[in-house]
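Peer 1: Let me begin by handing over the structure; questions about it come next.
The values are calculated or read from the model by the stated rules, or taken from the named source; none is laboratory data. Because the structure is predicted, anything quoted here is derived from the model rather than measured. Counting neighbours? That spans all protein chains shown, and the Cβs are built from the backbone with ideal geometry, glycine included. Side chains included, ligands, DNA and RNA excluded: accessible areas come from the protein's heavy atoms. Shrake-Rupley method; radii C 1.70, N 1.55, O 1.52, S 1.80 Å.
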Amino acid sequence: MISVSRVCKIYKNDSVETRAVDDISFEIKKGEFVAIMGPSGSGKSTLMHILGALDLPTSGEYILDGENVSKLSDDQCANIRNRKIGFVFQSYNLLPRTSALKNVALPMMYAGISKEKRIGTAKKFLEMVGLADRIDHTPNQLSGGQQQRVAIARSLVMNPSIILADEPTGNIASSQAEEIMTIFKKLNRAGHTIVMITHEPDIAHHAKRIIHIRDGKIVTA
Amino acid sequence: MEYSEIITEAITTLTVNKLRTGLATLGIVIGIGSVIALVSLGQSSQQAVSAQIQSLGSNLLTVIPGAQSSGFVRGAAGGGTTLTYEDAQALMTSFEGTNVKNVSPEYSSRSQITAGRNNTNTQVVGVTPAYAEVRKVSMETGTFISQRDVSAMTKVAVLGPQAVTDLFGQGTNPIGESIRIRNNSFRVIGVTVSKGGTGFQNQDDMVFVPLTTAQKQLFGAKNITSISVEATNENVMTQVQDAIGYLLLTRHKLSDPTQADFSIFSQNDILGAASQITGTFTALLSGIAAISLIVGGIGIMNIMLVTVTERTREIGLRKALGAKKKTIIAQFLIEAVILTLVGGLIGMIIGVIASLIIARAINLPSVISLRAIVLAIVVSGGIGILFGWYPAKKASDLQPIEALRYE
């Protein structure tokens, strides 16, 4: 499903070499719920960018659903992100001044799905995250937890192979954070593969497996 | 992703931030508006000038005395006294029945004219009946100067409508009234139909008297100031011009055409010169307008660049969600083109209204230049693409991670 082998990401800055991700290998099977943990600066964000096809590894191979993502062009990466990966960001990243419905439908627009179908699907997923009565609200009319639920609905509409969540509860009050984790667990039970990046142990323990990273290397798998 | 969707998306983005959109289009509105207003205005003044000149007759030749040389001193053109009534008569007798239809000798000078307590300073023209034929003068009331008036040197005058207004007030019938020119009393016998002229040689503001009266009683002159020759048609103009030149050279005992003490020009010569002037004027105005258009385009680029920076996170997100490079380029380019097209459209409406108002205010025919409108639309669209391209390219080149991290 996900196979990461000997992946390195090296940044060169004025002849100083930074190994953000240093020779990491692991596999994630379909239906897993994995948390990647580590302190800030450990390279977990860089790893998440590589897993999300937002960035290419300097060396090594990343295979997603049998496709070698490490060798793809910009537009091919865009295609992978669109169809196989559902992103949930720490700061939600919803389009401002745009309704929840339109935000959720956005990935489907880039996939060329018809407008009627987009609206239907977006409504279905907004219902699923419990926001059926908020579809016309813009992000600034929603609470942090509600915004993140819109983002989760958006990550699901293309039926992706994996859901990549980067500190999904980082900006949310702890009462609402539990709600978000409940949704993730529900999704995982429904068969979704979830990879979550976090530095909070309370959040990480919701996952079935935790990968610890420090200084760009895996500490325990 | 369909283009219709990108367009809807672009329109949505533009309507979300109305102030920014309005400010961005302002430059184009002003640019296109001024291009259309100025070009239309230039064309209408060109049309007005040529219509006025053409109304004098396109088969008209004018002979004026040339610069006179006495010794080494050369006088101003037209200031000489070399043309005489006899020259005009010679032209008439030599060419009658050939390509020349009419010959009108004229003596023209500005003078103060009084009627009762009113007075005006205007052009007094001594004419023969041929003048009415040659210059296409028709009468509002009364009669024009007759041959009998010329032979008998009577003191009668025909007024232009402007002169009537100045001397007797608007709408009055001055027939039978008397006016005074240089202490001579003249009886008004006719009023000419308005030709609606303005500016130099305004035919509505003239006073016509018999040629002989003007020469001998008013100005004490032996010469005439011009001869108007009407050719039978436009095609024989050059031929007639050459024949007149030859005859006058012979009469004035000159063998070298470069020594000619007169010049002959046609209405087409004047028309050419005048339209060259107005053409240059229009080009100048268009040039100024074009500069404002370019400034407007740069304004659009400026706003689009700011927009790209401001929306870095949005662009990053769109890319993360699967937007391809060309989709991002298309979105920003279409936004820019919509901005300029809408600006162009508003500018066009404003330009048309402005040119109509100005044309009415300064009494010009209102010409809406279709070419200027088409050009303005094409140019504004082009500016959108030209100045929208760089910001759009910049947006599409953003790396999604960098863009998402951008605060």
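Peer 1: Where in segment A:34-153 are there helices (runs of 4 or more DSSP H), lying fully within it, with 1 or more residues that are away from chain B (no Cβ under 11 Å) and buried (at least 22 other Cβ atoms within 10 Å of the Cβ)?
Peer 2: Once the helices (runs of 4 or more DSSP H) in segment A:34-153 are filtered for at least 1 residues that are away from chain B (no Cβ under 11 Å) and buried (at least 22 other Cβ atoms within 10 Å of the Cβ), what remains is A:44-51, A:100-110, A:115-128.
Peer 1: Taking the options B:10, B:48, name whichever one is away from chain A (no Cβ under 14 Å) and of a type in the set (A, V, I, L, M, F, W, C).
Peer 2: The match here is B:48.
Okay, residues lined up against (1) of a type in the set (D, E, K, R); (2) touching a strand residue (DSSP E or B) at 6+ places or on another chain (Cβ under 6 Å); (3) touching a residue at least 12 places away in the same chain (Cβ under 8 Å):
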residue: B:184; (1), (2), (3): no, no, yes
residue: B:206; (1), (2), (3): no, yes, yes
residue: B:224; (1), (2), (3): no, yes, yes
residue: B:252; (1), (2), (3): no, no, yes
residue: B:257; (1), (2), (3): no, no, yes
residue: B:269; (1), (2), (3): yes, no, no
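Peer 1: Looking only at segment B:241-249, decide whether some residue is of a type outside the set (Asp, Glu), in contact (Cβ under 8 Å) with a residue 12 or more places away in the chain, out of contact with any strand residue (DSSP E or B) (no Cβ under 9 Å at 6 or more places or on another chain) and closer than 30 Å to residue B:149 by Cα.
Peer 2: yes
Peer 1: On the basis of being in contact with a strand residue (DSSP E or B) (Cβ under 8 Å, 6 or more places away or on another chain) and either open to solvent by 40 Å² or more (accessible area, probe 1.4 Å) or closer than 21 Å to residue B:88 by Cβ (or both), does residue B:283 make the cut? Talk me through it step by step, then tell me what you get.
Peer 2: On the way: in contact with a strand residue (DSSP E or B) (Cβ under 8 Å, 6 or more places away or on another chain): no; either open to solvent by 40 Å² or more (accessible area, probe 1.4 Å) or closer than 21 Å to residue B:88 by Cβ (or both): yes.
So residue B:283 does not fit the description; no.
Peer 1: Related question: Which of the residues spanning segment B:207-245 are modelled with pLDDT of 85 or more, among the hydroxyl-bearing types (Ser, Thr, Tyr) and open to solvent by 20 Å² or more (accessible area, probe 1.4 Å)?
Peer 2: B:225
Peer 1: Turning to a different aspect of this structure: Looking at (1) surrounded by fewer than 19 Cβ atoms within 10 Å (Cβ to Cβ); (2) away from chain A (no Cβ under 14 Å), which one does residue B:310 not meet, given that it meets all the others?
Peer 2: Only one criterion in (1) surrounded by fewer than 19 Cβ atoms within 10 Å (Cβ to Cβ); (2) away from chain A (no Cβ under 14 Å) is unmet by residue B:310, namely (2).
Peer 1: Now, a different point. Looking at segment B:104-127, can you tell me whether even one residue there is at pLDDT 85 or above, of a type in the set (D, E, K, R) and part of a helix (DSSP H, G or I)?
Peer 2: Within segment B:104-127, not a single residue is at pLDDT 85 or above, of a type in the set (D, E, K, R) and part of a helix (DSSP H, G or I).
Peer 1: Here's another thing I want to ask about it. Considering segment B:314-352 alone, what residues qualify as being open to solvent by less than 60 Å² (accessible area, probe 1.4 Å), within 14 Å of another protein chain (Cβ to nearest Cβ) and either more than 30 Å from residue A:80 (Cα to Cα) or part of a helix (DSSP H, G or I) (or both)?
Peer 2: Answer for segment B:314-352, where residues must be open to solvent by less than 60 Å² (accessible area, probe 1.4 Å), within 14 Å of another protein chain (Cβ to nearest Cβ) and either more than 30 Å from residue A:80 (Cα to Cα) or part of a helix (DSSP H, G or I) (or both): B:314, B:315, B:316, B:317, B:318, B:319, B:320, B:327, B:328, B:329, B:330, B:331.
Peer 1: Additional query: Give segment B:353-387 a look and list any residue that's at pLDDT 85 or above, open to solvent by less than 80 Å² (accessible area, probe 1.4 Å) and not hydrophobic (A, V, I, L, M, F, W, C), or say none.
Peer 2: Residues satisfying the conditions are B:355, B:381, B:382, B:384.
Peer 1: Same structure again: Which of the following residues is among the charged types (D, E, K, R), in a helix (DSSP H, G or I) and buried (at least 20 other Cβ atoms within 10 Å of the Cβ): B:5, B:9?
Peer 2: B:9
Peer 1: Within segment B:172-191, can one find any residue that is part of a loop (DSSP other than H, G, I, E, B), under 20 Å from residue B:103 (Cα atoms) and of a type in the set (Ser, Thr, Tyr)? Before the answer, list the steps.
Peer 2: First, pick out the residues of segment B:172-191 that are part of a loop (DSSP other than H, G, I, E, B): B:172-177, B:182-183.
With under 20 Å from residue B:103 (Cα atoms) added as a condition, the list becomes none.
For segment B:172-191, residues part of a loop (DSSP other than H, G, I, E, B), under 20 Å from residue B:103 (Cα atoms) and of a type in the set (Ser, Thr, Tyr): absent.
Peer 1: Starting from residues that are modelled with pLDDT of 90 or more and open to solvent by 70 Å² or more (accessible area, probe 1.4 Å), keep the ones in segment A:183-200 and report whichever is nearest to residue A:90 (Cα to Cα).
Peer 2: A:185
Peer 1: If you go through segment A:158-171, how many residues are among the aliphatic types (A, V, I, L, M) and surrounded by fewer than 22 Cβ atoms within 10 Å (Cβ to Cβ)?
Peer 2: Looking only at that region, the number is 1.
Peer 1: Among the residues of segment B:212-239, which ones are closer than 24 Å to residue B:113 by Cα and touching a Pro at 6+ places or on another chain (Cβ under 6 Å)?
Peer 2: Listed by number, the list holds a single entry, B:224.
Peer 1: Just to verify a result, which residue in segment B:162-176, among those that are within 28 Å of the chain's Cα centre (by Cα) and among the hydrophobic types (A, V, I, L, M, F, W, C), is surrounded by the most Cβ atoms within 10 Å (Cβ to Cβ)?
Peer 2: The qualifying residue surrounded by the most Cβ atoms within 10 Å (Cβ to Cβ) is B:163.
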